[in-house]
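Just so it is clear, none of the values below were taken in a lab; they were calculated from the coordinates. Predicted, not measured: the structure shown is a model, and the values here were computed from it. Please note: Cβ atoms are built from the backbone with ideal geometry, for glycine as well, and neighbour counts cover all protein chains shown.
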Amino acid sequence: MSIANSETIHRPSEERSVDSASRLSARLIYEVIRRDGEEELNRPSVSLIWSGLAAGILISLSVIAQAVLLTYLPEADWAVLVESLGYSLGFIVVIYGRMQLFTENTITTVMPVVAQRSATCLRKMIRLWAIVLAANVVGAMIASGFLLLPGVLPPELTESLLAVARHAVEGTAGGNFVRAMPAGVLIAALVWVMPGARGEALVIVLAMTWLLAVAGFAHVIAGSVEAGLLVWHGDMGMAQAVFGFFLPVLAGNVVGGTAIFTLVTWGQVKNEVAQADTPDEPEKPANAQRA
């Protein structure tokens with residue numbers, strides 16, 4: 001067998017190795033997210049409701065895990081670095097469970113709208129946002145109310161839970177808006193890097209959500225569990241929870257996730273997408289006459 005033939009035999013396997021080792025391009029990542037967004041936009045409302053409700057309930061695992069670590073860690077300057085790892089638990093369950101979390105949709109379902117620029121697609125996005133946000137908040141309020149029922153948690157853990165909640169929702173409406181913007185950027189960035197993460201996806205989710213917690217950024221759905229705890233316990237009024245925390249954080253997450261990250265990301269791929277969508281002109285026959 002000649003050397004040339006041997007090389008030809010090995011080329012397909014070598015090509016597969018190159019494909020598996022190479023990183024996804026920005027355009028391919030965009031395409032993965034756009035298709036995922038289109039699929040989400042066309043899901044039945046009842047599916048979105050149950051998925052969003054489950055996400056709102058299970059995101060409370062982040063607050064519970066933080067409270068457990070706060071209870072048993074010694075008082076030290078470094079303790080917050082370990083305690084914040086607990087915040088990742090709820091996000092890991094929700095993301096890997098493919099549940100509907102509102103802040104993920106600030107990039108996933110926006111990409112099809114930006115690409116198509118149609119009123120129909122925009123209406124679908126608004127419908128999904130409204131359903132998922134409402135379901136997430138209802139789930140968060142159910143979870144926070146349940147956690148405060150007598151006998152659910154030991155007294156010392158309940159105190160830690162309330163301490164975590166007080167720290168998370170403190171601040172003015174303007175301050176909450178500002179610290180919610182980086183959280184929106186982080187969650188959108190997390191969604192963006194997941195298609196190319198492969199085996200490192202869990203580490204990336206852990207690192208991004210840990211940073212969100214340790215830096216004191218505000219997330220509207222996890223924050224709804226924390227605000228709900230204080231409302232159910234009587235430490236915060238409903239008006240303060242809605243206008244001082246929920247709405248400013250919601251606006252900040254949307255601005256960070258959509259207006260900042262998603263639109264900037266679209267800017268880096270739009271020309272490549274336009275070129276990929278433009279069909280090649282057919283070659284003219286050699287003897288064709290000019291019009």
* Using only Cα atoms, find the angle between the long axis of helix 220-233 and the longest principal axis of the chain, and express it within 0 to 90 degrees, rounded to the nearest 10. => 10 degrees
* Asked: Can you give the longest stretch of the chain with no exposed loop site, where a site means trypsin sites (Lys or Arg not before Pro) in a DSSP loop (not H, G, I, E or B) with at most 14 other C-beta atoms within 10 Å?
  -> 118-289
* Structure fact -> Helix 155-169 sits off the longest principal axis of the Cα atoms of the chain, rounded to the nearest 10 on a 0 to 90 degree scale, by 60 degrees
* With θ set to phi - 60°, apply the Karplus curve 6.51 cos²θ - 1.76 cosθ + 1.60 along the range 80-90 and write out the HN-Hα couplings as whole Hz, x wherever there is a Gly or Pro. => 5, 5, 7, 4, 5, 5, x, 4, 6, 4, x
* Asked: Angle between the Cα long axis of helix 60-72 and the longest principal axis of the chain, 0 to 90 degrees, nearest 10?
  -> 50 degrees
* Asked: Peptides 69-75, 245-251: what's the order by average Cβ count within 10 Å, highest mean first?
  -> 245-251, 69-75
* Asked: Looking at Val191, Val231, Gln116, which one has the Cα that reaches farthest to the positive end of the dipole of the range 25-268 (charges on Cβ: Lys, Arg +1; Asp, Glu -1)?
  -> Gln116
* Structure fact -> The Cα radius of gyration of the chain, divided by 2.2 N^0.38 Å with N its residue count, comes to 1.23
* **MRE, 222 nm, helices only [DSSP H, n ≥ 4, -39500 (n - 2.57), over the chain, to nearest 500]** => -23000 deg cm²/dmol
